[in-house]
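Beneath this line is the structure, given in C-alpha cells, with notes to follow.
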Amino acid sequence: MKTTLPLYLLFILAAPLQAQWYQEDDETPGISFIGGIGKKVRFDNEDGTFYTDMRAFKAGIAKTTFQLHGHAQASRILLLTHQATKAQYHDGYKSLSMTNAEAHFLGSFSLGHVIFVGIQGGAYIAVPLVVTGETVRTNVPAFSKEYERPYFYQGFTAGGTGGLKLGGVIMALHANVHIPFLRIYKPQPENTDGTKVTPQLLNTEMFMFSITIKGRD
C-alpha cells in the first residue's frame, strides 16, 4: 500500500494535465523564451587537430504554433548568438569569433503528453554583427576582416528535444547541431602569389533550453 499510494496520487495529478493537453485545438499559439550554451565549435570544412577557447551562447524569443494536439510544433525564432573557437595546426593557429543576429524556423515532432521526446530540424539565416579573427600559419593568408566577414549566411539545424508539458507551460531541452551552408561575401581577392582568401564559418553543437507559454483560445 505504501508503494502504490504515491503512484496512484501521481496518476490522479497527471491524468487531467494529459487530457487537457491532448484535447486542445490545433494551431494554438505560444511564446517561447530560449537560451543556450555550447562547448563544441569548429571551423566548417576544416580538419583542425585541436581546438581551444571554444564557446557558444544563444538567447532569443520565438512564436510557436502547435498541430496534432501538441505533437508537432513550428517555431519562428529570433536569436542573438555568439560563437568562437581557436584551432591549433602543425604550422600555426587560427581563430574566429562571430556575434550574429539570426532568424530560425524550427519544426519538431514529439511523442508524449506530459513527458515528451522527439526530433527537430530547420533552417536559419544569420547576419554577422561582429566578426574578429586571426590567422598565423605558414603559407596561409592572414585573417582579413574586410573580406572574411559575410554579409549574411544560411544554414541548417538538426537534433532532438525532450521535456515537460504542464498545462499551458512547456519546458524543453534541445540538443542541436548548427551547420552553415550558403554564405554571401564580398568578392574575394588573390594574394600576389595567387593564393585566394578562403573565408570560413563556424559549426556549433550545443544545448538550448526553452520555456513556452501556450496561449488560450
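Overview of values
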{"quantity": "Accessible area of the range 120-217 divided out per residue, in Å², using a probe of 1.4 angstrom", "calculated": "51 Å²"}
{"quantity": "Backbone HN-Hα couplings from phi across the range 206-213 [Karplus 6.51/-1.76/1.60, Hz, Gly and Pro as x]", "calculated": "7, 9, 10, 10, 10, 10, 10, 9"}
{"quantity": "Phi to ³J(HN,Hα) by Karplus 6.51 cos²θ - 1.76 cosθ + 1.60 over the range 180-187, Hz, x for Gly, Pro", "calculated": "x, 9, 9, 10, 10, 10, 5, x"}
{"quantity": "Amide hydrogen neighbours beyond the local backbone of residue 140, cut-off 5 Å, H modeled", "calculated": "none"}
{"quantity": "Under Karplus coefficients 6.51, -1.76 and 1.60, residue-wise ³J(HN,Hα) of the range 57-68 in Hz, glycine/proline x", "calculated": "9, 9, 8, x, 9, 9, 9, 10, 10, 10, 9, 6"}
{"quantity": "Pairwise FRET efficiency - residue 105 versus residue 166, Cβ, R0 = 22 Å, nearest 0.05", "calculated": "0.25"}
{"quantity": "Charge dipole (debye, nearest 20) of the range 116-217; +1 at Cβ of Lys and Arg, -1 at Cβ of Asp and Glu", "calculated": "320 debye"}
{"quantity": "Modelled FRET efficiency - R0 22 Å, residue 33 with residue 184, Cβ distances, 0.05 increments", "calculated": "0.10"}
{"quantity": "Estimated dipole of the range 39-113 in Debye, rounded to 20 [Cβ of Lys and Arg +1, of Asp and Glu -1, Cα centre]", "calculated": "300 debye"}
{"quantity": "Equivalent-ellipsoid semi-axes of the range 133-192, from the Cα gyration tensor, Å, largest first", "calculated": "41, 13, 10"}
{"quantity": "Efficiency of FRET from Cβ geometry, residue 145 and residue 51, R₀ 22 Å, rounded to 0.05", "calculated": "0.55"}
{"quantity": "The range 32-101 and the range 104-160: distance between their alpha carbon centers, rounded to Å", "calculated": "6 Å"}
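The values are calculated or read from the model by the stated rules, or taken from the named source; none is laboratory data. Since the structure is predicted, the reported quantities are computational estimates derived from the model, not experimental observations. A quick note on method: Cβ atoms are made from the backbone with ideal geometry, for glycine too, and the neighbour counts reach across all protein chains shown. For accessibility, only protein heavy atoms count, side chains too; no ligands or nucleic acids. Shrake-Rupley method; radii C 1.70, N 1.55, O 1.52, S 1.80 Å.
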